[in-house]
1. To the nearest 500 deg cm²/dmol, what mean residue ellipticity at 222 nm is calculated for chain B from DSSP H runs of n ≥ 4 alone, each contributing -39,500 (n - 2.57), summed and divided by the residues?
2. Taking the Cα centre of each part, how many Å lie between region B:70-128 and region A:124-195?
3. Other chains near A:135-147: what is the mean number of their Cβ atoms within 10 Å of each residue's Cβ?
4. Please list the radius of gyration and Dmax for region B:149-297, considering alpha-carbon atoms only, with Å as the unit.
5. Take chain A, connect every pair of alpha-carbon atoms lying under 10 Å apart with a spring to form a Gaussian network, then pick out the residue of A:ILE135, A:ILE257, A:ILE209 with the largest mean-square fluctuation.
6. Once every Cα of chain B carries one equal point scatterer and solvent is ignored, give the base-10 log of I(q)/I(0) from the Debye formula at q = 0.10 Å⁻¹, two decimals.
7. I need the trypsin sites (Lys or Arg not before Pro) found in region B:1-108, filtered to DSSP loop residues with at most 14 other beta carbons within 10 Å of theirs.
8. Of all DSSP beta bridges in chain A, what percent run antiparallel (nearest 5)?
2 protein chains.
Amino acid sequence: MSLDTPLGPGAEFDMIREILARLGARATGIGDDAAIADVPRGESLVASIDSVVERRHFLRDWLTPRELGYRAAAAALSDLAAMASRPIGVLVALTIPDTWRDDVLSMADGIGDAVDVAHTRVLGGNLSAGDELSITTTVLGSAFAPLRRSGATAGDRVYVTGRLGGPGDVLRRLRAGEAAGPHRERFVHPVPRLDEARWLAANGASACIDISDGLLADLRHLAVASGVEIALDPERIPCAAGVDRDAAQHSGEEYEIVVTTPDRFDGFEFERRFGLPLTEIGAARAGSPGVTVGGHGVATSVGHDHFSA
Amino acid sequence: MSLDTPLGPGAEFDMIREILARLGARATGIGDDAAIADVPRGESLVASIDSVVERRHFLRDWLTPRELGYRAAAAALSDLAAMASRPIGVLVALTIPDTWRDDVLSMADGIGDAVDVAHTRVLGGNLSAGDELSITTTVLGSAFAPLRRSGATAGDRVYVTGRLGGPGDVLRRLRAGEAAGPHRERFVHPVPRLDEARWLAANGASACIDISDGLLADLRHLAVASGVEIALDPERIPCAAGVDRDAAQHSGEEYEIVVTTPDRFDGFEFERRFGLPLTEIGAARAGSPGVTVGGHGVATSVGHDHFSA
C-alpha cells in the first residue's frame, strides 16, 4: 500500500496509517476490503496461520517490541519453509492493549524486518484493542510441489539444518529469571529456511517439517504422518555451543528444518550456498511409526503444549 | 483434514482433534505445516484478515458460542463478497481462556455453519490459550477481476442490498442492557453476500464495499477511494422494520454490500434470484471526495472505531 491510502478518520485508522508509513514499500496493496495477489501459474497456494500471545508464548521483558514483531512473523514464515514454498505475502492481525500502544510502530518495524528477510511483503492486516497482546500472522506462499510431512519412506536418510539447542537454552534461562545468555541473538532472530528448503526440495527431499516443538516432537510428527519409524542417531545431532545433545533434542522454537531424502544431499554444497551446516542425523525404516533414539523408543510426551496444565 | 490426521499427543492436539471431528468434511487438508489449495487458473488470489475480541467487539451474553463462531467467520467472509470473490477457504486462529474451553466445540459448529453458507471450508487453524477470547479469521478467495472500492466514476448509480438498521438496533439495545429485540436473528446470522456480489460484478458493477462500519462511513471509504462525491438520497434508504433512516445510515456490522455501476441493475431480477431487495440510493458525481446526504455534507467522524476513547 502506498502512504496515501485513502482511509477514513479516527484513532484506529490513524494508527494503521502510521504503521503503513513505517512499513513503506514493504506493505503494498492495502486499502481495499481484501488484498489481491497472484499465485504463479501452475503453482499451488500454500497457507498457514499462527498466533503469539503475551504471557503464553513470551514475557514482555524477553524481547524488544521490534524483536517481538520480527519473531512472530519469522516463525509463521517458517511454516512456508517447511512446505518448500516461496512466500507471496503475510497478513497480520494485532490485538493491542493500551500498555503496548507506544510500541506498535516498533513492532511494525520488526514485522518489516521479517518480510525483508523472506523477500516478501505485508498484504493486509487488522488492528484491534484488547487486554492481552497478540500477533496472529497468516502466511501465503506457493509451490509447484509443496513438501509434506508425509512423504518419507523406509530407507530415507534424515537431515537437519543448522545447530540445535540455542533457543531452548535461552528459554530455560529466561524462564528461570536469568539473563538470556550466549544464544540470545539466535532466539530473537530465527531465520525461516525458505531458500534452503526450496534447494533441498529441488535436490530430492521427500518430506519436511520445521522444528517448532523440538527435534524429537517434530520428527515424531513427520514419522507418524509418513508411517515410518525414524531412528535418530543422538551422536550426530549438531548442537549449538555449550548445549548438550539431550537439550538440543528438546529445544523448541528453532525454526530449523528436518528433511528426508531417498538419496543423499551434498552437505558441502549446501553449506557453501547457505553458510549453514546440513547434517545427516538418522534414517527412516519400516516399523512402528515414531522415533527411536540410539535404538530406544521415545516417550510420546515431547514438545510443548499450550494447553497442558 | 480427515479425522485420522496424525497429530501428536497433548491437550492442545486433543482439542484440535475434537474440533476437526466436529467440523468433519468442512475442514480438509489440515495436518501439515500449511494448507495447500488451488487458485483457479487465471484468477487472482484475494485475502483478508479480521479479528473479534471479547469485550471489545461483543459481550459474552450477547451470543451463544455457536452464533459467535458463525458471526466471526461470516463477517470475515463478507470481505470476499466486497471484492466479488469466490471463497477458497478460511484459516481460523482461536485464543481460548479457560472459562471458554467448554464452548470451543460449539464455536467450531458455528464456524462450520458459516463455511457451509459460503460453500467453502476450513483450510487451517491455530489454537492458543489466553486470558481473552479472540477469533481471528483469514479468508482466501479468488476472482478474475476483483471489485475494488476505487472503481466508481462520476455518473455511476449507487445501490445497496437488503434492508439496513437491524444490527444497529440490536447493538443499541444490547449496549443499553436490554433484550436484543426483533432483529436478533439478523444480527447473529449475517449472510456474506457472495453470490450477490459476483452477480453484480458480472452485471456491470464498478466498485463495491461491504457495510461493516455503517452505510455512511463505508460509502465515504468508497467515495474517497474512487475520488468522487456520492450524493445519498436519504428517502431511498431501505430500512429494517421499525428502524428510522438516520439509524439505518449509521448501523454497523450489516454485512450488506454497496455497489456502484455506470448502468442500471435489474432489481427485479436480483430480488427474484436472491430473495433480497437491491435499492438505488444515490449517485456518484464530480466533486469533493466524500458523501452528501440530501444535499448536505456529512461530518467525517462516522462509523465506529476500536481505538477511540
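Please treat every number below as a calculation from the coordinates, not as lab data. Quick caveat: nothing in here was measured; it's all calculated off a predicted structure. Note that each Cβ is placed from the backbone with ideal geometry, even for glycine, and that neighbours are counted across all protein chains shown.
1. Working: 9 runs with 95 residues, N = 309.
The helix contribution divided over chain B gives -9000 deg cm²/dmol.
2. That distance is 25 Å.
3. Details: counts 1, 14, 5, 12, 4, 6, 1, 3, 2, 0, 1, 5, 2.
Whole-number average of other-chain Cβ neighbours for A:135-147 is 4.
4. Expressed in Å, the Cα Rg and Dmax of region B:149-297 come to 14.8, 45.
5. Judging by the Gaussian network model, the answer is A:ILE135.
6. After summing over all Cα pairs, the log10 values are -0.57.
7. Details: sites: B:ARG17, B:ARG22, B:ARG26, B:ARG41, B:ARG55, B:ARG56, B:ARG60, B:ARG66, B:ARG71, B:ARG101; in loops: B:ARG41, B:ARG55, B:ARG56.
Filter output for region B:1-108: B:ARG41, B:ARG55.
8. On the way: 38 of 53 bridges.
Counting only bridges with both partners in chain A, antiparallel ones make up about 70 percent.
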